[in-house]
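Below is one structure, written out as structure tokens; the observations come after it.
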Amino acid sequence: MTGEVGTGKTLLVRCLLKLLKCGNDSYAYIFNSRLSPLEFLQYMSGVLGLKSTDNNKSTLLLDLVSFLVARHEKRLTTVLVVDEAHDLSADVLEEIRILTNLETTQEKLLQILLVGQPELDEKLDSFDLRQLKQRVALRCKLEPLCPEEIKGYIERRLQCAGANSHAGELFPSDTIAAISRYSRGIPRLINTVCENALIAGYARQARSVTPDIVDEVAADFRLDTADPVKIEARSRSEEVEFWQAVKTSLESRDDTQGAGPEENSPPIAVPRGAGRNEPLI
Ligand SMILES: Nc1ncnc2c1ncn2[C@@H]1O[C@H](COP(=O)(O)OP(=O)(O)O)[C@@H](O)[C@H]1O
Ligand SMILES: [Mg+2]
């Protein structure tokens, strides 16, 4: 599964893990993709509850195979989920390919889900990884929300926060159009803009969030630098650069959450809601 930064990949993975937890399925969730092949196997074995996490690769693999065979005999599923898989090295991806060979004559012993940014697709398209690419049984791409979905998304979150029948009034349609333009449908950016717009609106004692409040918030977070018309004409490398900048901006925001104001803190992405992990809505 691939999708741009902030489109909800990790959220979906967490929903899946919740479902797996409810059943008898065992899973290894790996979110630190900057591991060597041996560290990857050690981590995976550790998470699956295997005893051997030593430095001997063959011991690790033998234990893993016995574990998977024993579970398969009991008709139990085992899943490996790797988040941020676009960061995996070619060596680790090759290790994962070898894991796909663990099978009986009829079934795979291990179900594997790779989740990452679009760079993962590019990696899988490379000549060196063609063997792994051929083994992918299902591929999907998480797209940003369309304007209609953005409206539903904001209203749903407002309702969860207790806005009830006022949800539609708080964010009028021209405000939603502005949010849509700045966020480009990325849920994490929608959250950031809405949270800060609500705080600004509250400070002004406004009855609803107006488009100019959204403009101000977007300027604070430097989201107004992304002109959609220009973006259409961007080359792929410029797109990557753009998303990197958005990611850095969001990360710097995460880093500053809960911390007091610092002299050298970046001038942008001022966390008006600092100290909370979840947005207001
Ligand atoms: N469909 C959705 N419904 C509710 N919240 C969402 C949805 N998609 C994304 N989010 C929220 O957007 C933010 C970013 O999602 P996340 O899963 O971390 O993105 P990614 O892993 O793709 O970078 C999170 O706060 C998440 O809760
Ligand atoms: Mg993620």
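The values are calculated or read from the model by the stated rules, or taken from the named source; none is laboratory data. Nothing here was measured: the structure is a model prediction, and the numbers come from that model. Neighbour counts are summed over all protein chains in view; Cβ atoms, including those assigned to glycine, are modelled from backbone coordinates with ideal geometry.
For the range 40-49, enumerate the residues that are among the small types (Gly, Ala, Ser) and either surrounded by 18 or more Cβ atoms within 10 Å (Cβ to Cβ) or at pLDDT 95 or above (or both). If the condition is that a residue be among the small types (Gly, Ala, Ser) and either surrounded by 18 or more Cβ atoms within 10 Å (Cβ to Cβ) or at pLDDT 95 or above (or both), then SER45 is the only one that fits.
Among the residues of the range 202-212, those that are without any contact (Cβ under 8 Å) to a residue 24 or more places away in the chain and either assigned to a helix (DSSP H, G or I) or outside the structural domain of GLN244 (by TED's automatic domain parsing) (or both) comprise TYR202, ALA203, ASP212.
The conditions of being of a type in the set (Phe, Trp, Tyr), within 16 Å of ligand 2 (Cβ to nearest atom) and either surrounded by 13 or more Cβ atoms within 10 Å (Cβ to Cβ) or in the same structural domain as SER126 (by TED's automatic domain parsing) (or both) are not met by PHE67.
Beta carbons closer than 7 Å, at least 6 apart along the sequence or on distinct chains, pair a first residue in the range 150-169 that is in contact (Cβ under 8 Å) with a residue 40 or more places away in the chain and of a type in the set (Val, Ile, Thr) with a second that is assigned to a helix (DSSP H, G or I) and buried (at least 18 other Cβ atoms within 10 Å of the Cβ) for ILE150/ILE176; ILE150/ILE179; ILE150/SER180; ILE150/ILE190; ILE154/ILE176; ILE154/ILE190; ILE154/CYS194.
Listed here are the residues, each with its yes/no results for (1) within 27 Å of VAL5 (Cα to Cα); (2) more than 16 Å from ligand 1 (Cβ to nearest atom).
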site	(1), (2)
VAL82	yes, no
HIS86	yes, no
ALA90	yes, yes
THR104	no, yes
LEU110	no, yes
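In the range 50-94, which residue that is of a type in the set (S, T, N, Q) and farther than 20 Å from SER33 by Cα is modelled with the lowest pLDDT? The qualifying residue modelled with the lowest pLDDT is SER52. Inspection of the range 25-39 identifies at least one residue that is at pLDDT 90 or above, over 17 Å from PRO118 (Cα atoms) and within 16 Å of ligand 1 (Cβ to nearest atom). Here the range 1-11 is the region considered, the condition is being within 7 Å of ligand 1 (Cβ to nearest atom) and aliphatic (A, V, I, L, M), and the residue that is surrounded by the fewest Cβ atoms within 10 Å (Cβ to Cβ) is LEU11. Take the conditions (1) surrounded by 13 or more Cβ atoms within 10 Å (Cβ to Cβ); (2) under 18 Å from HIS86 (Cβ atoms); LEU16 misses just one of them, which is (2). When ASP128, ASP83, ASP91 are checked against the criterion of being in contact (Cβ under 8 Å) with a residue 40 or more places away in the chain, exposed (fewer than 15 other Cβ atoms within 10 Å of the Cβ) and under 30 Å from the mean Cα position of the chain (by Cα), ASP91 stands alone in meeting it.
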